[in-house]
Amino acid sequence: MSAINNWTPMGCGARSVALKKGHPETTMHFPGDLVPRAENLDLGIENIFLAWEIARLAGEETVREKQRALVLLILAVQAFSAGGSTRLPLAFDRSLGRILDELSVTDSERTAIGDLLIEAQQAGSEADASGLSGVFGGPGDYRPLIIDHGCLYTQKLHVLEARVGAALRKRICEPYGPDLIPGPEKVDAAAEIALREVFDSPPAGPRGAITLDQEQKQAVRAALSGRITVVSGRPGSGKTSIVASILRVLARTGRPSPESIALAAPTGKAADKMRQSVEEHLAAIPFAAVSDNRLAGACPPALTLHRLLGYSPGQERFRHNENNPLSEQLVIVDESSMIGLALMDHLLRALQPEARVIFLGDADQLPSIEAGAVMRDLCRSRTANEAGRVVALKKSYRAREEDSNGKKILGLAAAINEGIPPAAAGRNRAPAVRRQPSEIRFEGAEHLQPGNAVQREAFFGKWHERLRGSMPDLDQRLARAYAAGHSGFDEQTTGDLREITAHYEKFRILCATRLTAGGTGAESANNWFHLRWLKERDKEHGGDGSLYFLIGEPVMVTRNDYSLRLYNGDSGLVLKVAAGTGTGHHLAEPMAVFPRGSSFAAFPLEALRGRLELAWATTVHKAQGSEYENVAILLPEAHVRPLTRELLYTAVTRAKNSVVIVGTDEVLETGTGRTMERASGVADALG
């Protein structure tokens, strides 16, 4: 470690240079002893290098003890940012104290950090004699670290947060454009007539007409009367019906035209789901008006936000910004809780000042993987709520309360969201306890306890049988070759593909982590199913697939490929595909088949090497924005940091008919009691 202590990013020998300069007593060498302590916060050696380099900006007059305290403080900020927070609250009895405990900070180091923060408050002032002015600053300063609202920011996140807050506040508070009438409930006469027509002609559903409730109607009205509207509701609360109704109203008024409207979502899967739901809504209207038929034929496309903003992966920049704004006059964004601070900044900067934006999502779900929690902050903002720009939907129509299974799932989700341990949630909200996998019925909410390794494997076997048994002719469907011509799959083949992919999409195992976690991570679960599938397919068909992906295995894209129009999180299925040529078809080969619009696209497995992973199981984060008939939640054997109330709530609300939690009651209770601590200052910026 002594060699590392003298190492800098410029190479070894820093100590000898320092000695020549005559400052051996104040020069801070690389703190290699912090490496194992930083690993407790999932920080690597590169994070320590960055903290060290920033600390060196304090200058030679800053003594070594103070520099070490500064390194520890910067590591704490990095750890909080890596967890999705935009800032670190500086109260020792809260966030800062917890992070320092995880860094194994000693009492003397903690005292030094406290003294450092006191001096940092004066950095740059006339009273500052600490030499910290090169590191710390306040709002408007260009320094590595910014102190604002009693919190410590990195300079980049502080700028982004201030800019996003100002843009949102402007849309909420300033007068509306000439086409819009102020007030969340006020619309002009033409829009009022269109609203009545749309509300009086709902689409037909399996249980009768799908009419909007009062909250949903309020959301439609709000979206027609301001430059920004936020609609938050749990999964299945009818957000897509709201989108379709807004489009139907605008199709009648012509302001704006369908060509000036964009539908968007953070992921390709969420965008496709949004488009499909709107199309199904329009197709189900019994007596569609001329404007409805015209809208169905020219429905705005649904894009990922990156495609909408013209992201160039080669240049790592967006084509649209304040200097080249979007032409669309209305942008409707679904799954907005998944939008991080940086992407929200790009979107708001790309909107024309008079354009409207509507955000839909669930503020109680997991926030974005990137830093920020803009959707949550908007929903909690007093400014946005008092202006009538936030509408909260309380009823769910996915797992219907009138259905016994749906009611149990909703009850469990509500208890978790309130921080009540499921075991203590009461008769109507607690999951049914199962002691053996053979007792599981795949109905409503169930909890397999204790969910040890033996039970877990037995459960996997039961899950596997359930998936295979619920489609009796599954083997025949997997044995056939699906012919694809130059223009893709024909109508009949497309229908067959839709049936088999829809069957697989009814089942998904969700995990808190991707890695092993004692056999409860997504990789471990996928390995079990892959080996089971390999054993069965070899026995029945003598082997018919790739070593890594077999015929009949669900797969997921892990990296964006803009040339193939495949995006991170896209789900597909490995099937035999015979690609067409001018004289017939090639021999069938295993290909990954993905939904694309109203049809499907197939890709050779070799073309996707390194960008696919098995999807029998996936993390809860990757399942966000999806829904499944049957969900299983694998709890880790011991509590891990990602297991929080928000993660459990998000996992449970993916289910429509059945959710099975596998694991101990203790781990479930701990996860329910722990919230995702994500500090964000957008609410402060909104006032």
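Yes or no: segment 657-669 includes at least one residue that is within 21 Å of the chain's Cα centre (by Cα) and closer than 20 Å to ARG508 by Cα. Yes, because at least one residue in segment 657-669 is within 21 Å of the chain's Cα centre (by Cα) and closer than 20 Å to ARG508 by Cα. State which residue is nearest to LYS622 (Cα to Cα) when the search covers only segment 642-687 and only residues that are in a loop (DSSP other than H, G, I, E, B) and open to solvent by less than 10 Å² (accessible area, probe 1.4 Å). Looking at the filtered set, the residue picked out is ARG654. Could you tell me whether segment 580-589 includes any residue that is hydrophobic (A, V, I, L, M, F, W, C) and open to solvent by less than 10 Å² (accessible area, probe 1.4 Å)? Looking through segment 580-589, none of the residues is hydrophobic (A, V, I, L, M, F, W, C) and open to solvent by less than 10 Å² (accessible area, probe 1.4 Å). With a requirement of 1 or more residues that are surrounded by fewer than 20 Cβ atoms within 10 Å (Cβ to Cβ), the strands (runs of 3 or more DSSP E) lying completely within segment 258-356 that satisfy it span 302-304. Within segment 368-378, the residues that satisfy the criterion of being surrounded by 24 or more Cβ atoms within 10 Å (Cβ to Cβ) and among the hydrophobic types (A, V, I, L, M, F, W, C) are ALA371, ALA373, VAL374, MET375, LEU378. Can you confirm whether segment 476-491 contains a residue that is of a type outside the set (Phe, Trp, Tyr), open to solvent by 40 Å² or more (accessible area, probe 1.4 Å), farther than 24 Å from ARG596 by Cβ and free of Cβ contacts under 8 Å to residues at least 24 places away in the same chain? Within segment 476-491 (the criterion being of a type outside the set (Phe, Trp, Tyr), open to solvent by 40 Å² or more (accessible area, probe 1.4 Å), farther than 24 Å from ARG596 by Cβ and free of Cβ contacts under 8 Å to residues at least 24 places away in the same chain), the answer is yes, since at least one residue qualifies.
The numbered conditions (1) more than 30 Å from ARG227 (Cα to Cα); (2) in a helix (DSSP H, G or I); (3) in contact with a helix residue (DSSP H, G or I) (Cβ under 6 Å, 6 or more places away or on another chain); (4) of a type outside the set (Val, Ile, Thr) are all true for SER81 except (3). Scanning for something in a loop (DSSP other than H, G, I, E, B), under 25 Å from HIS621 (Cβ atoms) and either open to solvent by less than 20 Å² (accessible area, probe 1.4 Å) or not polar (S, T, N, Q) (or both), does segment 400-417 turn up at least one residue? No, that holds for no residue. Regarding ARG466, is this residue in a helix (DSSP H, G or I), under 26 Å from GLY518 (Cβ atoms) and open to solvent by 30 Å² or more (accessible area, probe 1.4 Å)? For ARG466, the condition - in a helix (DSSP H, G or I), under 26 Å from GLY518 (Cβ atoms) and open to solvent by 30 Å² or more (accessible area, probe 1.4 Å) - is met. Of all the listed residues (HIS23, HIS29), the sole one being buried (at least 16 other Cβ atoms within 10 Å of the Cβ) and modelled with pLDDT under 85 is HIS29. Number of residues in segment 492-517 that are part of a loop (DSSP other than H, G, I, E, B), free of Cβ contacts under 8 Å to residues at least 24 places away in the same chain and open to solvent by less than 90 Å² (accessible area, probe 1.4 Å) equals 1. Enumerate the pairs (first residue in segment 202-222 and without any contact (Cβ under 8 Å) to a residue 40 or more places away in the chain; second residue anywhere and exposed (fewer than 13 other Cβ atoms within 10 Å of the Cβ) and not in a loop (DSSP other than H, G, I, E, B)) with beta-carbon separation below 9 Å, excluding pairs fewer than 6 apart on the same chain, so at least 6 apart or on different chains. Partner pairs satisfying both residue conditions: none exist. LEU587 falls short on exactly one of the conditions (1) in a loop (DSSP other than H, G, I, E, B); (2) under 23 Å from the mean Cα position of the chain (by Cα), and that condition is (2). Of all residues in segment 198-241, those satisfying the criterion of being in a strand (DSSP E or B) and either at positive phi or surrounded by fewer than 19 Cβ atoms within 10 Å (Cβ to Cβ) (or both) are ALA204, GLY205, GLY208, ALA209. Count, please, the residues in segment 425-456 that happen to be aliphatic (A, V, I, L, M), closer than 18 Å to THR672 by Cβ and free of Cβ contacts under 8 Å to residues at least 60 places away in the same chain. The number of residues fulfilling the criteria is 4. When the residues of segment 518-532 are filtered to those that are polar (S, T, N, Q) and part of a helix (DSSP H, G or I), the one that is least open to solvent (accessible area, probe 1.4 Å) is ASN526. The set of residues in segment 430-441 that are surrounded by fewer than 19 Cβ atoms within 10 Å (Cβ to Cβ) and outside any helix (DSSP H, G or I) comprises ALA432, VAL433, ARG435, GLN436, ARG441.
The values are calculated or read from the model by the stated rules, or taken from the named source; none is laboratory data. Please read all numbers here as calculations on a predicted model, not as lab measurements. Here Cβ is always computed from backbone atoms with ideal geometry, including for glycine, and neighbour counts include all displayed protein chains. With ligands, DNA and RNA removed, areas are computed over all heavy atoms of the protein, side chains included. Shrake-Rupley method; radii C 1.70, N 1.55, O 1.52, S 1.80 Å.
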